[in-house]
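Encoded as structure tokens, the structure appears first; notes follow it.
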Amino acid sequence: MVNQTRDTIAAEISRGNRAKGGYGQAWGLGNILRQITMWIVSITTLFPLYFMVSNALKTRDQFIKDPLGLPPLSLQNFLEAVKGKPIALWALNSTIVTLLSVMAVTILAILAAYAFARMQFGGRDMLFNLIIPLMVIPPIVMVIPLFETMVSVRLINTFWSVIIIYAGLLLPFTVYLLRNFMIKIPKEITDAALIDGCGEIQTLLYILIPLSRPALITSIVVNTLFVWNELLVSLVFLQFENLRTLMVGIITFKERFTLNVPIVMAGLTIATIPMLAIYLLGQKYFNRGLVTGALK
């Protein structure tokens, strides 16, 4: 009986190992396909960055001869990109516009998200559902009516025009993200705060906002990247050279030096560095906030 039991256990273990081996092989094939896909996506994503940085380090002749080759280590193009051009002023303008736009949309979105997530009022769900389609409207279709509006209120060629427009464009996405994050926070936490004497504003400031930090940082990073890199609105509404943002300045710089592509690449590299740093600093919360906020 003991021998029979031992044989039975050994047979079960053997079958389990074979089954595990078959599953491992299938999982291994899936891993290989997944890794190949990720490598293709990564190379496709990083290639424009390589093209920009590598050509920023080349001379014009080297770029024409071999635009995809490895670059020499030369910073001459960066010096030429800064020399004789108000790139520092353009960067300052971009910083002002980005900071004020992101601050405005963040404050408005926090208040709106709290109302949609925690407060009861008529038409709440219908109004929130009306916000969602606004995220897919391209800014270009609104340029003409927005321009006429800004002309009528005399805000053309002022930072306030683009700040208001950026805040309006980014508000639907930010509200959607924060509301879907806040609604997942257990209601018992906010109820306990209210019982302890906290008002609505205190509950929002000391309970919901700290708990919503991943979604909040995600929205700030995404909105900052959008405003910093946006071209159309700044080009149309900020027409004076001393008001241009960095991206608009680089485009006009390209028109003046059409044949010297490496200098243009150097300017774009300079504009990319701050946003890359912001993304790396917020990466810890970025994926978590974006995935959680996208789910209802």
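Read-outs throughout are calculated quantities, based only on the coordinates presented, and are distinct from any laboratory measurement. Worth saying up front: this structure is predicted, and the values here are computed from it rather than measured. A quick note on method: Cβ atoms are made from the backbone with ideal geometry, for glycine too, and the neighbour counts reach across all protein chains shown.
Summary table below
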| quantity | calculated |
| --- | --- |
| Values of log10 I(q)/I(0), in the order q = 0.27 Å⁻¹, for segment 179-249 under a Debye, Cα-only, solvent-free model | -1.13 |
| Square roots of 5 times each gyration tensor eigenvalue, C-alpha, segment 87-152, largest first, Å | 30, 19, 10 |
| Ranked 74, 54, 234, criterion: other C-beta atoms within 10 Å, fewest first | 74, 54, 234 |
| Neighbour cut-off at most 10 other Cβ (10 Å), DSSP loop, trypsin sites (Lys or Arg not before Pro), segment 53-150 | 83 |
| Overall Cα dimensions of segment 88-215, principal axis frame, Å, largest first | 50, 36, 24 |
| Amide H partners (placed H, <5 Å) of residue 66, local residues excluded | none |
| ³J(HN,Hα) computed for each position of segment 167-176 - Karplus, 6.51 cos²θ - 1.76 cosθ + 1.60, integer Hz, glycine/proline x | 4, x, 5, 8, 4, x, 4, 5, 4, 4 |
| Residue order, fewest to most surrounding Cβ atoms within 10 angstrom, among 233, 41, 222 | 41, 222, 233 |
| Dimensions in Å of segment 76-294 - Rg and Dmax from alpha carbons | 20.1, 68 |
